[in-house]
1. Would you be able to say whether some residue in region 196-205 is over 20 Å from Gly152 (Cβ atoms), crowded, with 23+ Cβ neighbours inside 10 Å and not polar (S, T, N, Q)?
2. Can you name every residue in region 264-287 that is within 16 Å of the ligand (Cβ to nearest atom) and without any contact (Cβ under 8 Å) to a residue 60 or more places away in the chain?
3. Restricting to region 118-137, and then to whatever is touching a Gly at 6+ places or on another chain (Cβ under 8 Å) and assigned to a loop (DSSP other than H, G, I, E, B), can you tell me which residue is nearest to the ligand (Cβ to nearest atom)?
4. If Arg243 passes every condition in (1) over 30 Å from Gly60 (Cβ atoms); (2) of a type in the set (D, E, K, R); (3) assigned to a loop (DSSP other than H, G, I, E, B) but one, which one does it miss?
5. Quick one: would you say Lys18 is away from the ligand (no atom under 16 Å from the Cβ), of a type in the set (D, E, K, R), part of a helix (DSSP H, G or I) and closer than 30 Å to Val253 by Cα?
6. Look through Phe68, Phe61 and report the one residue that is among the aromatic types (Phe, Trp, Tyr), in contact (Cβ under 8 Å) with a residue 12 or more places away in the chain and farther than 21 Å from Asn278 by Cα.
7. For Phe250, work out the one condition from (1) more than 21 Å from Gly143 (Cα to Cα); (2) without any contact (Cβ under 8 Å) to a residue 40 or more places away in the chain; (3) aromatic (Phe, Trp, Tyr) it doesn't fulfil.
Amino acid sequence: MNLLNGNEVSQKIKLEIKSKVEAMRAAGKKAPHLAAILVGSDGASMTYVAAKEKDCHEVGFDSTVLRFDANTTEEELIAEVIKINNNPNIDGLIVQLPLPKHINEKRITETISYKKDVDGFHPMNVGMMFKGLKTFLPATPFGIIKLIEHYGIETSGKYCVVIGRSDIVGKPMSALMLQKNCTVTVCHSKTVDLPSYTQKADIVIAALGRPGFLKGDMVKEGAVVIDVGITRVEDATAKSGFRLKGDVDFESVAPKSSFITPVPGGVGPMTRVGLLLNTLEAIELFK
Ligand code: GUN
């Protein structure tokens, strides 16, 4: 069993980005500028936005975080998005999800200019990604692809099972693995006899958000196992009062796998790097 070390790989990629940004600044060019909009004070969202801001500083990007009250109206938010769309100084924009219930997420996502949509959530970018055209890729699947490539994991002709069909992870992940010449099955909550698929898979990507779901008897010997789950579970011994638990039961799955991501330190840091890579890309793509 080998660990797919997202901490290590993300650090290496961040250093590469940092030196590119230093070269841009040295050449008198503008550095990439990421703007993030945060509405309300959801604990996880505040943590994620703070992490994204820290990542930007680490690689030398400019970063702006716009924080709004939980009772901001949809129209006010739309007006902010349009302002940023029209601001030539800002290359990438993310609106942290989830938004308060009174705001239509779909409408916000579709108002962000696809040219600045570094989350890759805009239907235009989703379409281009599915067609294999160069565009912003959703950060988690993008980070997973980078991790797989870093470790030289063979994908061509392999059988990949993705568990979960979310717009953010499962669906785009399946498209990207297909582009890497895998034979892909997407399993989900209505799949009948899910283990019959995972037991045949060379690569399993678990993204269903159920802690410890994938057990050792559900994977074949030598499988590559990617764990996207990051559910917060209570843990009185942790300083924060919780710890992150993946969708994979690491204890029973790890001994059977050839490669496996730990949680934390696997997919999480690669997701963060995916956003940085998109933001770096944003200074040229569509311009
Ligand atoms: N909420 C959870 N994941 C994400 C993400 O990747 N992007 C944004 N904008 N919000 C999120």
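1. No.
2. Residue satisfying the conditions is Pro264 alone.
3. Step by step, filter region 118-137, then rank; the result is Val118.
4. Of the numbered conditions (1) over 30 Å from Gly60 (Cβ atoms); (2) of a type in the set (D, E, K, R); (3) assigned to a loop (DSSP other than H, G, I, E, B), the odd one out for Arg243 is (3).
5. Against the criterion (away from the ligand (no atom under 16 Å from the Cβ), of a type in the set (D, E, K, R), part of a helix (DSSP H, G or I) and closer than 30 Å to Val253 by Cα), Lys18 does not qualify.
6. Only one candidate qualifies: Phe68.
7. (1)
Every read-out reported here was derived from the displayed coordinates using simple, explicitly stated rules and does not represent laboratory data. The model shown is predicted, which means the values in this text are computed figures rather than measured ones. Virtual Cβ from ideal backbone geometry, glycine too; neighbours counted across all protein chains shown.
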